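> One structure, pasted below without further comment.
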Amino acid sequence: MVSLKTKDEKLMTKLKETALFNNHQKMGAKLVDFGGWNMPIHYGSQIDEHHQVRKDAGMFDVCHMTIVDLRGCEVMDYLAKLLANDIAKITGQSGKALYSCMLNEKGGVIDDLIVYAMSPAWVRVIVNSSTRVKDIAWMRTQIDHFAVDLTERQDLAMIAVQGPNARTLAAVALGDNIAGSDKLKPFNALLINAESDQEYFIARTGYTGEDGYEIVCSNKMVASIWEKLAVAGVKPCGLGARDTLRLEAGMNLYGNDMDESQSPLESGLSWTVDFSNENRQFIGRSALQKQKEQGLKYKLVGLILNGKGVLRAHQKVQVNINGEMLTGELTSGTFSPTMQNSIGFARVPFETRESCQVEIRNKLLQAKVVKLPFVRNGRILLE
């Protein structure tokens, strides 16, 4: 979510810039304050950039994301406590990735993140930029007696290359530098040219619902990589398109769809919580088990608006449950360029079934409740 500040506040606050800032200026990006970073919202047309990713290939500056390396002989034990998902699922599988939430003792979501198990003693973690300070503080606090070293990698940058042709064009742009990544399976990462000045970390992950890579390299290399990708035909895209793409793909945004006041069970993220190992007492487990036993009050669903209008975060939702009107709230909303309809996520009473009403400009409009995602790999998944 883009932070809104007054003109005086903006004058007093120096926005941070990624190593690609000059590239954005040269390419005519419209820059905005994004959580304290001067970032491109689009390069001319957010809609065109959205379609570019769905149909061909686009690239995003995600250098503002926080990259943390955890090293030590007890890394896996530490993460077994820290994460709601079970790190044991990927232990021993070099480069395998795992999506998880990091919870507080009450079961609230401190952040969502991806971990890459590169070796039994080295895991790379990528967390959100807006939660950087509290995430690292929490992670350091929980290290406690574990033999683990935490290093924030401010020397590294990241580009997301996404779309049906993303991997092909990335190979054209980077050539031998990504040799072997053509065999990389989804949700896996590969380290190339290790311990050299040309080291790459390439993950087959993303935040758009399309295939592609997330490429991590040094700050010194990233501008050159961006330029090579552009020459190969990968179009630059801004954060506006990234948001509509992730929403179509049914992917949560921290601070909108979940936060420390919400558990993953009521945020559409139950699949990221692993209770199977009874001996694994991860942080927040007791609170989540209690919530399950008492019964969930809310759930996160997809909405499609019937008729004209645009769904937006914080709009009120009304649901008729056995003649009683109960309320919920939109957590994210947008107009879907792919579906040509207004879509959103809403936290609604658990008993909600097929429909609800959304209050837009003092009018109650009908909306259909659907299972997420809306779109994956360029295909609309709803009838």
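> Which trypsin sites (Lys or Arg not before Pro) in the range 314-383 sit in a loop by DSSP (not H, G, I, E or B) and have at most 14 other Cβ atoms within 10 Å of their own Cβ? Numbers along the way, then the final one.
Numbers: sites: LYS316, ARG347, ARG353, ARG361, LYS363, LYS368, LYS371, ARG376, ARG379; in loops: ARG353, ARG361, LYS371.
Listed in order of number, the matching sites are ARG353, ARG361, LYS371.
> Stokes-Einstein at 25 °C, 0.890 mPa s, Kirkwood radius from Cα pairs: D for the chain in µm² s⁻¹?
Values: Rh = 21.8 Å.
In µm²/s, the coefficient rounds to 113.
> Here's something else I'd like to know. Label MET27 and GLU152 with points 7 Å out from Cα along Cα→Cβ: what is the distance between them in nm?
Roughly 2.6 nm, to one decimal.
> Report, in listed order, any pair from LYS299/LYS363; LYS235/LYS316; LYS235/LYS368 with a Cα-Cα distance greater than 27 Å.
Values: LYS299/LYS363 24 Å; LYS235/LYS316 37 Å; LYS235/LYS368 34 Å.
Violating the 27 Å limit, Cα to Cα: LYS235/LYS316; LYS235/LYS368.
> For the range 192-208, what does the Karplus curve 6.51 cos²θ - 1.76 cosθ + 1.60, with θ = phi - 60°, yield as ³J(HN,Hα) per residue in whole Hz, taken in order and with x for Gly and Pro?
Along the range 192-208, the couplings run 10, 6, 4, 6, 10, 6, 10, 5, 10, 10, 10, 10, 8, 9, x, 10, 10 Hz.
> Over the alpha-carbon set of the range 172-245, work out the extent along each principal axis and list the three values in angstrom, largest first.
Result for the range 172-245: principal-axis Cα extents of 37, 26, 21 Å.
> Straight-line reach from LYS185: which aspartates and glutamates fall under 16 Å, measuring Cα to Cα and dropping same-chain residues less than 8 apart?
Straight-distance partners of LYS185: GLU210, ASP211, GLU214.
> Could you work out the Kirkwood radius for the range 297-380, taking every pair of different alpha carbons, averaging 1/r and inverting it, reported in Å?
On the way: mean 1/r = 0.0790 Å⁻¹.
One decimal place: 12.7 Å for the Kirkwood radius.
Each value in this text was obtained by applying a stated rule to the coordinates, not by laboratory testing. For clarity, every value in this text was computed on a predicted model and none was experimentally measured. Glycine also receives a Cβ, built like all others from the backbone with ideal geometry; neighbour counts cover every protein chain displayed.
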